[in-house]
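Before any comments, here is the structure.
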Amino acid sequence: MTRIETAEVVVTSPDRNFVTLRLTTDEGLVGLGDATLNGRELAVVSYLRDHVVPLLIGRDPHRIEDTWQFLYRGAYWRRGPVTMAAIAAVDVALWDLKARAAGMPLYQLLGGASRDGLLAYGHASGRDLPELFDSVRDHLEQGYRAIRIQTGVPGLKTIYGVASNARSAEPTGADDGGRYDYEPAGRGPQPQEEDWDTPAYLRHLPTVFEAVRHEFGPELPLLHDGHHRMTPIQAAKLGKSLEPYDLFWLEDCTPAENQQGLRLVRQHTTTPLAIGEVFNTVWDYQTLVSEQLIDYVRSAVTHTGGITALRKILDFAAQYQIRSGIHGPTDISPVGMAAALHLDLAIHNFGIQEYMKHGARTDEVFRQSFRWEDGLLHPGDEPGLGVTLDVDGAGKYPYVQAYLPYNRLSDGTVHDW
Ligand SMILES: O=C(O)C(=O)C[C@H](O)[C@H](O)CO
């Protein structure tokens, strides 16, 4: 019987911080799992190194479900992003190993392909309409067939998801004059403070979608992320006011902890709703799925206990015609993204995949084999996840302290970011 021989936690920061679990077996096979938790990376590193790695050595790598239950139930303390990111890394690394041992791409072990390619959406943003339109055109040229729209709000200096030339995706933090469309974690010892005003946003956003529909027509699937900033009644109002613009989804309209709040939103609008990127278990979806309060499950493989757990959530959701919209910002590493693509390809209730390109340094450290053709993603046909980690290359980029920003209202109150 084969055994896990080594388990290393690799921390690297090529364009941003990533945490990767690298398992090797006595037969020389390597499996990778993503454990990146943006802004709290080292907590997961410690959880893995101090409490999980010692339990893995000598285990049979083929017992994926058993290892998942052992780590989840065996800890006694349940759920939470740190625990579930650590379990996810183990789970994905074991699936990678199993598929490599079988000599098959992972999606084959998950039931095989249910489709030819995966509809993906990218992030267009602009401080004003001309800048936003340029960004939408740029995404269309890159082949995207679905686009998330984020926009500046008059009177606010900063806003979630909007590129700013004053900040840079460069790890040095230097302003290179280029735009970034999404990399909110700022490197440095303190989080950046941003400003927020919900009434101004609610007044402005419908005018932006009206202009975008006028410019780009009725057919382009458009998405928007409210990033947990509204109360249920505010979200209901927004959903209603966006109905004429036929959104693919309105994401994270209210703080995700208040699941009952979605009942109120649902009663007032037919705008499809997506939520769950901050969830970590099926229990977070119990009310939302069984009462059909959402249309899309937003969890990442990386933050929800891995493929084993997310598959169960998506199978539960499928009974209610709820589809997947797996979280895929740049803080999900290429390993986490590959895991998402294999799962997306295999499940029946696939909806859409978020896809943001990683930086060039990241692509050198993590060599990937996915395809991006005609606006559709495919995980590729290499054995396992199809990702290899250049451990020496990773070592050139040590961890850099970085935090997500936080919001304050004009009177100084801290608000959801
Ligand atoms: O991709 C999205 O929809 C996000 O909201 C991304 C989050 O802000 C990001 O993952 C935080 O680390």
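The values are calculated or read from the model by the stated rules, or taken from the named source; none is laboratory data. As the structure is a prediction and not an experimental result, all values here were calculated from the model. Neighbour counts are summed over all protein chains in view; Cβ atoms, including those assigned to glycine, are modelled from backbone coordinates with ideal geometry. Just so you know, the surface numbers come from the protein's heavy atoms only, side chains and all, with ligands and any DNA or RNA stripped out. Shrake-Rupley method; radii C 1.70, N 1.55, O 1.52, S 1.80 Å.
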The answer for ASN407, listing residues at least 5 apart or on another chain whose modeled amide H is closer than 5 Å to its amide H, is GLU194, HIS415, TRP417
Heavy atoms of the protein only, probe of 1.4 Å, neighbouring chains included. What is the accessible area of LYS237 in Å², nearest 10? 140 Å²
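Could you please put TRP95, TRP77, TRP196 in sequence from largest to smallest accessible area, using a 1.4 Å probe? Let's see the in-between values first.
Values: TRP95 45, TRP77 190, TRP196 10 Å².
Largest accessible area first, the residues go TRP77, TRP95, TRP196.
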Here, ALA211 and TRP77, labelled 7 Å along Cα→Cβ, have an inter-label distance in nm of 4.9 nm
Between GLN267 and HIS51, what is the spin-label point distance in nm, taking each point 7 Å from the Cα along the Cα→C-beta axis? 4.0 nm
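How would ASP66, ASP134, ASP331 rank on accessible area, largest to smallest, probe 1.4 Å? Mind dumping the intermediate values first?
Details: ASP66 65, ASP134 95, ASP331 15 Å².
The ordering from most to least exposed comes out as ASP134, ASP66, ASP331.
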By DSSP, what percent of the beta bridges with both residues in the chain are antiparallel, rounded to the nearest 5? 50 percent
Tell me, what is the 1.4 Å probe accessible area of TYR320, in Å² to the nearest 10? 70 Å²
Not counting ligands, DNA or RNA, and with a 1.4 Å probe, what is TYR245's accessible surface area in Å² rounded to the nearest 10? 40 Å²
Between THR231 and TYR320, with labels modelled 7 Å along Cα→Cβ, what's the label distance in nm to one decimal, could you check? 2.5 nm
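Using the Cα gyration tensor of the range 4-105, with a ≥ b ≥ c the square roots of its eigenvalues, what is the shape: rounded (a/c below 1.5), prolate (a/b larger than b/c) or oblate (neither)?
On the way: a/c = 1.79, a/b = 1.21, b/c = 1.48.
In terms of gyration-tensor shape, oblate.
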Would you mind computing Rg(Cα) / (2.2 N^0.38 Å) for the range 118-382, counting N as its residues? 0.97
Per the rule of 0.36 nm per residue minus the C-alpha distance, extending GLU373 to TYR399 adds in nm 6.1 nm
Between beta-carbons, use under 13 Å as the cut-off and find the net charge around LYS312, counting Lys and Arg +1, Asp and Glu -1. -3
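Which value in deg cm²/dmol, rounded to the nearest 500, describes the helix-derived mean residue ellipticity at 222 nm for the chain, given -39,500 (n - 2.57) per DSSP H run of n ≥ 4 and division by the residue count?
Values: 14 runs with 140 residues, N = 417.
Computed ellipticity for the chain at 222 nm equals -10000 deg cm²/dmol.
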Expected output is a single nm value to one decimal: the length gained when fully extending between GLN292 and GLN142, i.e. 0.36 nm times separation in residues minus the C-alpha distance. What is it? 50.5 nm
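May I ask you to derive the FRET efficiency for MET104 and ARG203 from their Cβ-Cβ distance with R0 = 45 Å, giving the value to the nearest 0.05? Don't skip to the end; give the middle numbers.
Working: r = 53 Å, r/R0 = 1.18.
So the FRET efficiency works out to roughly 0.30.
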